[in-house]
Amino acid sequence: MQRRRFHLHAALAAAALLSTPLLQAQTLPAWEQIVAQARGQTVFWNAWAGDEKTNAFIAWVGEQVKAKYGVGVQHVRLKDTAEAVTRVVAEKAAGRDRDGGVDLIWINGPNLLNMKQQGLLLGPVTQVLPNFRYVDTTKKRSNVIDFTTPVDGLAVPWRMAQIVFVYDSARIRNPAAMPRSAPALLDWAKKNPGRLTHPSVSNFLGSTFLKQALIDLAAEAQVLQQPATDANFEAVTAPLWAWYEQLKPLLWRQGRQFPENSAAQRQLLNDGEIDITLSFNPSEAAVSVEAGLLPASVRTVGWSKGTIGNTSFVAIPYNAKNWQGALVVANFLIEPETQARAQDIRQMGNLNVLDPEKLSAAQRRAFEQLADHPALPSTAELGAPRLEPHASWMTRIAAEWQKRYTR
Amino acid sequence: MAEALHALSASAAVPRARPPWALRLAPALTLAAFVLPIVAGLAGTLLPAFGWLPALGGRELGANAWRALGAAPGFATALRLSLFTGWAATVLSLALALGIVAFVHHRPWARRLGEAMAPMLAMPHSALAIGFAFLILPSGWVARALSPGLTGWELPPDVATVGHASGWPLVAALLLKEVPYLVLMTLAALNQVPARAQVTVARSLGYGPVQAWFAVVLPQVYAQIRLPVYAVLAFSLSVVDVALILGPGNPPTLAVLAVRWFGDPDTRWVFPASAAATLLLAVVAASIALWFGAERVLGRWALVLLQRGVRRRRSAWLGGAATAAGAALLAAALASMGAMALWSLAAQWRWPDALPSAWTFANWQRQAGSLWLPALTTLVVAAASTLISLALVVACLEHESRQRVARPSRSLWLLYLPLLVPQVAFLFGLQVLLVRLGADGRLSAVIWAHLVFVLPYLFLSLADPWRAFDERYTRAALALGASRWRAFWRIKLPLLLRPLLLSCAVAFAVSVGQYLPTLFAGAGRVATLTTEAVTLAGGADRRVIGTWALLQAAFPLAVYWLAAATPRWLFRRRKALA
């Protein structure tokens with residue numbers, strides 16, 4: 001099994017070498033050596049800091065790896081992941097190919113694609129991580145294919161996400177009245193104008209909302225797995241824009257203003273300004289109720305035809321100063337105990353990236369013991385995860401939205 | 001008599017030894033400390049604006065960046081928004097400030113008003129903006145206090161306040177800080193004009209009190225508040241942190257747009273970003289030129305009115321209205337900080353409760369772990385940049401007073417340079433320079449970047465009291481056999497301790513409030529209370545934001561009170577000093 005995956009990665013890496021000439025396969029030392037070299041390093045983990053639970057989890061990870069491996073973690077709090085990418089680009093521009101200031105980035109989507117294409121990542125790294133054997137690479141496809149881009153072992157999955165819609169059951173009393181498709185959402189908005197919104201399209205969750213609608217509305221979703229072209233973009237997205245034209249004036253603030261991100265939108269739900277919010281984390285509502293950020297009456301559902309799911313990764317820049325320490329942190333993140341803690345709604349509450357079948361009975365029990373919560377969706381309510389469309393669709397949709405609605 | 005004596009002793013000065021080299025070096029060093037980064041940074045932003053940035057593949061000079069800027073969605077709106085908010089904030093704050101001063105200057109509590117307003121200046125813009133945002137939201141504190149009882153709103157009304165496309169909340173938040181700033185600047189300038197006597201004379205000629213002040217006193221003081229007004233104009237046109245918190249998001253102001261593009265994962269955006277930053281520089285330069293022209297035109301028009309002898313006795317209510325507006329601004333600022341204090345202690349505070357429904361200290365306890373490092377960084381950076389600036393500024397001023405050279409007035413313009421050049425216009429260039437030097441992300445780089453802004457403020461607030469110092473005290477000490485240093489340490493410093501400490505408090509507050517310089521020079525790795533608070537303001541838990549914003553505002557306030565109280569305590573037995 002171990003050997004076969006290695007071959008898979010080697011093949012992927014070779015494919016990547018062919019398709020992206022910038023990328024150079026780097027040979028990494030053996031794991032024991034990496035762990036030894038990592039001792040005493042402080043890893044600058046660049047991670048979006050808009051979520052307190054995640055910040056606390058990162059702090060906990062720092063304490064753990066300090067105690068276990070003597071590796072410190074400094075959370076570089078980002079407002080936008082692109083800040084870290086820009087920094088690496090600036091360092092490369094200034095010719096600093098070693099001792100870079102960014103050691104580890106929480107990353108996915110266009111940022112990951114960008115760094116991969118520009119050859120800004122160390123790796124492939126996943127094959128050296130002992131804990132990578134627990135990661136689900138077959139059923140949770142987004143762990144190895146990020147927005148249709150093969151990850152090629154250049155980034156380590158550490159948490160999964162799936163689009164869900166969160167509503168206040170004190171306002172929408174009948175669960176059956178909660179819309180679970182794009183057309184149903186429009187009908188609901190017609191009856192409840194001003195009570196729905198989505199994050200700003202410059203935010204990834206905002207453009208994801210449009211993507212989710214597109215997947216739901218598109219006549220043929222398969223085409224979305226290929227890069228968007230000038231030839232097909234207009235035709236494929238036509239149903240989306242027709243739908244959105246009707247929806248926009250019915251949104252909060254008549255669709256003239258949007259919350260900056262999902263946390264800001266959650267705040268709107270808590271302030272009673274809207275009735276429905278969306279999240280990329282099925283347990284976010286439950287976590288938020290426990291944290292006093294949402295009323296206890298909120299509930300979570302997916303859409304009946306399924307919603308987009310993706311994976312968050314950590315990646316190491318090619319010039320990272322403390323890359324050994326960064327590898328140790330990445331490996332710790334996919335340890336079964338760490339993943340179980342990450343999924344605990346009292347902690348971070350994120351879906352794990354592991355394959356239960358690869359875990360021992362004891363390791364599995366840690367997941368089974370996790371608490372249930374009224375705001376957690378059942379498997380049926382959540383629905384199946386659907387693959388992200390090719391990143392070019394999101395980029396183009398966001399640009400098209402800006403073109404249409406930014407005056 | 002005293003003046004005659006002063007003149008005598010001044011002209012009878014003995015030629016003295018050249019000052020020590022450290023003092024002679026001070027002016028050049030000081031100038032280099034803050035002019036060099038600006039000039040280098042401007043170059044590093046201007047070149048990419050015209051296509052030159054080899055590291056990112058820009059090897060051809062041309063106008064592509066400008067074409068991309070022009071074609072960017074929302075560019076025209078962003079530019080218009082910047083112009084409107086910048087000009088509206090400046091015109092309104094100057095009008096209010098002058099109205100307030102005209103109305104209160106002769107009243108006994110005018111001095112106390114100045115003292116009450118001074119701490120307002122210490123509050124960081126972003127902390128105020130965060131609090132103000134919660135105040136004015138449709139589901140904010142004001143609406144909560146009035147609902148549903150007075151308004152009948154069961155749900156928050158679906159109207160825009162924060163982020164309104166016109167940008168008025170941004171203008172209002174700028175007023176919170178700029179009105180007190182200009183009032184204090186005008187009150188300080190009034191010290192050199194016998195305003196009360198002149199207004200009395202004018203009133204006896206039948207002019208209303210406020211009109212009299214505007215006609216007789218303002219022309220004399222305006223020259224002294226001109227540069228502060230330009231600084232307000234430049235700042236309002238290019239502010240980023242307040243615009244991030246309160247301004248519209250789509251499109252935002254030009255300055256925010258530039259910062260957003262500088263941070264875009266697609267690095268090709270660096271070119272239009274540089275073009276936008278350069279355009280902002282041009283906008284600020286043109287606005288200042290236009291303002292200068294308007295001063296001339298208005299001055300001439302006022303002269304015509306005066307010559308016609310128009311009397312407006314009722315002008316007083318305009319001053320009264322301005323003062324009332326000023327009081328409302330003060331109340332809004334206090335309420336903004338009060339709201340943050342409440343949030344930091346709230347367990348739950350949901351619409352439409354006027355106050356939190358449950359209280360807790362848990363927010364502070366939970367945040368303590370993540371608060372202390374940024375708090376310490378804030379302290380270290382602010383203290384270091386203040387102390388370095390203080391050493392440089394005191395050396396400059398001491399050199400000047402020992403040389404007794406005529407003050408070159410052009411250096412004042414140079415001092416204002418960091419306050420007149422938009423931050424976005426040179427910080428990217430500075431960051432590239434710092435990366436090249438291998439210094440980005442170091443604490444020292446952040447301290448240097450703060451120095452660029454701290455130093456001018458410290459110089460501006462210390463120069464006047466320093467120059468007003470009566471050198472005969474020093475001379476008396478020298479005549480009694482003290483050395484130059486002893487006279488400086490034992491006589492001059494204690495006498496100037498009060499203005500010295502207050503200037504340090506101003507400098508400290510300036511450092512604490514810096515957002516963009518910390519972000520760019522710190523390469524995102526140096527977190528201060530301000531960068532963290534602005535990051536959190538993007539939508540995090542208000543209870544958390546409350547702790548950060550409150551601590552961010554508490555630091556400079558505490559230092560300000562310390563600076564005000566220390567001389568009083570030290571000299572508690574020496575009435576004239578305390």
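Which pairs do you get when a residue that is touching a residue at least 40 places away in the same chain (Cβ under 8 Å) and within 10 Å of A:VAL156 (Cα to Cα), found in the range A:314-329, comes within reach of a residue that is of a type in the set (Phe, Trp, Tyr) and not in a helix (DSSP H, G or I), reach meaning Cβ atoms under 8 angstrom, with the pair 6+ apart or on two chains? From residues that are touching a residue at least 40 places away in the same chain (Cβ under 8 Å) and within 10 Å of A:VAL156 (Cα to Cα), the pairs are A:VAL314/A:TRP45; A:VAL314/A:TRP106; A:VAL314/A:TRP158. Of the residues that make up the range B:266-282, is at least one away from every other protein chain (no Cβ under 14 Å) and of a type in the set (S, T, N, Q)? Checking the range B:266-282: at least one residue is away from every other protein chain (no Cβ under 14 Å) and of a type in the set (S, T, N, Q).
Listed by first and then second residue, the pairs linking a residue in the range B:145-161 that is under 19 Å from B:LEU246 (Cα atoms) to a residue that is aliphatic (A, V, I, L, M), with Cβ atoms under 8 Å apart and 6 or more places separating them unless they lie on different chains, are B:PRO156/B:LEU137; B:PRO156/B:ALA143; B:PRO157/B:ALA143; B:THR161/B:ILE136; B:THR161/B:LEU137. Please go through the range B:534-546 and pick out each residue that is within 11 Å of another protein chain (Cβ to nearest Cβ) and either in contact (Cβ under 8 Å) with a residue 24 or more places away in the chain or out of contact with any strand residue (DSSP E or B) (no Cβ under 8 Å at 6 or more places or on another chain) (or both). Correct list: B:VAL534, B:LEU536, B:ALA537, B:GLY538, B:GLY539, B:ALA540, B:ASP541, B:ARG542, B:ARG543, B:VAL544, B:ILE545. Residues in the range A:268-282 that are more than 7 Å from chain B (Cβ to nearest Cβ) and in a helix (DSSP H, G or I): A:LEU268, A:LEU269. Within the option set B:GLY247, B:GLY206, being at positive phi and not basic (Lys, Arg) holds for one residue only, B:GLY206. Set side by side, the residues B:PRO456, B:PRO422, B:PRO408 differ, and just one is more than 18 Å from B:VAL259 (Cα to Cα) and modelled with pLDDT of 90 or more, which is B:PRO456. Somewhere in the range A:284-291, is a residue modelled with pLDDT of 90 or more, crowded, with 22+ Cβ neighbours inside 10 Å, assigned to a helix (DSSP H, G or I) and more than 14 Å from chain B (Cβ to nearest Cβ)? Yes, the range A:284-291 contains at least one residue that is modelled with pLDDT of 90 or more, crowded, with 22+ Cβ neighbours inside 10 Å, assigned to a helix (DSSP H, G or I) and more than 14 Å from chain B (Cβ to nearest Cβ).
Do the conditions hold for A:GLN222, that is, is it under 30 Å from A:TRP48 (Cα atoms), under 26 Å from the mean Cα position of the chain (by Cα) and either of a type in the set (S, T, N, Q) or within 8 Å of chain B (Cβ to nearest Cβ) (or both)? Criteria not met by A:GLN222. There is at least one residue in the range B:304-322 that is under 23 Å from the mean Cα position of the chain (by Cα), assigned to a helix (DSSP H, G or I), closer than 19 Å to B:ILE100 by Cα and modelled with pLDDT of 90 or more.
Taking the residues in the range B:1-42 that are of a type in the set (S, T, N, Q) and surrounded by 10 or more Cβ atoms within 10 Å (Cβ to Cβ) as candidates, determine which candidate is modelled with the highest pLDDT. This residue is B:THR30. With respect to the conditions (1) in a helix (DSSP H, G or I); (2) under 15 Å from the mean Cα position of the chain (by Cα), A:TRP158 lacks only one, and its number is (1). Looking only at the range B:347-357, residues that are more than 9 Å from chain A (Cβ to nearest Cβ) and either of a type in the set (A, V, I, L, M) or buried (at least 19 other Cβ atoms within 10 Å of the Cβ) (or both) come to 3 in all.
Against the conditions (1) surrounded by 19 or more Cβ atoms within 10 Å (Cβ to Cβ); (2) away from chain A (no Cβ under 14 Å), B:TRP343 satisfies every one except (2).
Results for (1) at pLDDT 90 or above; (2) closer than 30 Å to B:GLN365 by Cβ, shown as yes or no for each residue.
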site	(1), (2)
A:LEU12	no, no
A:THR27	no, no
A:ALA49	no, yes
A:LYS53	no, yes
A:ILE105	yes, no
A:LYS116	yes, no
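In the set A:GLN265, A:GLN369, only one residue is over 28 Å from A:VAL88 (Cα atoms), within 14 Å of chain B (Cβ to nearest Cβ) and in contact with a helix residue (DSSP H, G or I) (Cβ under 9 Å, 6 or more places away or on another chain); that residue is A:GLN265. The single residue among B:ALA477, B:ALA509 that is under 23 Å from B:THR377 (Cβ atoms) and either within 14 Å of chain A (Cβ to nearest Cβ) or not aromatic (Phe, Trp, Tyr) (or both) turns out to be B:ALA509. Restricting B:THR528, B:THR547, B:THR566, B:THR474 to those that are of a type outside the set (A, V, I, L, M, F, W, C) and within 22 Å of the chain's Cα centre (by Cα) reduces the list to B:THR528. Restricting attention to the range B:497-521 and to residues that are aromatic (Phe, Trp, Tyr) and outside any loop (DSSP other than H, G, I, E, B), the residue that is nearest to B:VAL239 (Cα to Cα) turns out to be B:PHE520.
Suppose the filter is in a loop (DSSP other than H, G, I, E, B), buried (at least 24 other Cβ atoms within 10 Å of the Cβ) and touching a residue at least 12 places away in the same chain (Cβ under 8 Å); does B:GLY524 pass it? Yes, satisfied. Examine the range A:373-381 for a residue that is in contact (Cβ under 8 Å) with a residue 40 or more places away in the chain and over 26 Å from A:THR208 (Cβ atoms), and state whether such a residue exists. Checked against the condition, which is being in contact (Cβ under 8 Å) with a residue 40 or more places away in the chain and over 26 Å from A:THR208 (Cβ atoms), the range A:373-381 yields no hits at all. Go through the range B:157-198 and give me each residue that's within 14 Å of chain A (Cβ to nearest Cβ) and in a loop (DSSP other than H, G, I, E, B). If the condition is that a residue be within 14 Å of chain A (Cβ to nearest Cβ) and in a loop (DSSP other than H, G, I, E, B), then B:PRO157, B:ASP158, B:VAL159, B:ALA160, B:VAL162, B:HIS164, B:ALA165, B:SER166, B:GLY167 are the ones that fit. Suppose the filter is at pLDDT 95 or above and either outside the structural domain of B:TYR181 (by TED's automatic domain parsing) or crowded, with 20+ Cβ neighbours inside 10 Å (or both); does B:LEU83 pass it? No, not satisfied.
The values are calculated or read from the model by the stated rules, or taken from the named source; none is laboratory data. The shown structure was predicted, so the numbers you read here are calculated from the model rather than taken from an experiment. Glycine also receives a Cβ, built like all others from the backbone with ideal geometry; neighbour counts cover every protein chain displayed.
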